[in-house]
Ligand SMILES: Nc1nc2c(ncn2[C@@H]2O[C@H](COP(=O)(O)OP(=O)(O)OP(=O)(O)O)[C@@H](O)[C@H]2O)c(=O)[nH]1
Ligand SMILES: [Mg+2]
């Protein structure tokens, strides 16, 4: 066998492709992707609309490579520049993948879920992924629930999972694998995301804002990684939190700087885990007004 013939024979059994993860806000898309790839590369929170960027999460097996694309929760209820940009990002993703995972919560089939059905592609397999299985105790009711949902769209297949508890993820992968085209892997086998450490550092700080601030605050904020330097094995990272108003600045900083300290300590620990090395992190807060409605500003942050 020549080298070329050998490579073709190798590709013949190998599957590799793109898998979009879509659904309304808060159903567990990012949690699902993180558990499928075994690393936390996409931030998650109890609040809706945490994800603002498309993030690729890569999972490699001996016979397949899955490139998952986590997307922002699609929503039709609130208008505004931010939502338009987020929704556009979901629509674009749907046209570029080999398989779609349409994620919903077990026992919750809402108007917000149904409104997404017309956006789903017709020529690409769409799997129904019923997440939060741990919350659905009644199996008969769950099976009736799935039947109801399946009446509304011709899903290629269905799987029930618990993303948070890592349940039935291997079963889900086994169903996705045959939908991927035959191809050699696109990424090195130890690579888990296409995003840079610099990007991930900013996202980790944003996740802590979602965790430690009230209901509305994190939505009007953004983060900017102002400096990311390697100093031997040490990473020196400077992050600015951009807020709308002076008043928000003092909320983020907290009494005696307590809140900001908590945010930066937790972020640093997460970064050290993800980057597998020591991090020196400095976080500060800056006032910047009116960003949420300024699309140009969003673009500057890669939200296009
Ligand atoms: N009980 C339970 N909770 C889950 C499960 N999967 C995710 N969650 C929780 O659901 C919430 C939302 O999870 P995310 O992964 O941020 O949801 P998302 O769909 O990415 O949300 P957006 O990015 O805002 O659209 C978090 O509090 C998760 O811990 C699960 O299997 N069981
Ligand atoms: Mg998300």
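Structure notes:
- Extension gain from residue 143 to residue 265, taking 0.36 nm per residue of separation minus the Cα-Cα distance: 39.5 nm
- Cα gyration tensor shape of the chain, rounded if a/c is under 1.5, else prolate or oblate by comparing a/b with b/c: oblate
- The range 3-179 shape via C-alpha gyration tensor axes, a/c threshold 1.5: prolate
Only the coordinates and a few stated rules stand behind these numbers; no lab work does. Please read these numbers as outputs of a predicted model, since none were measured by experiment.
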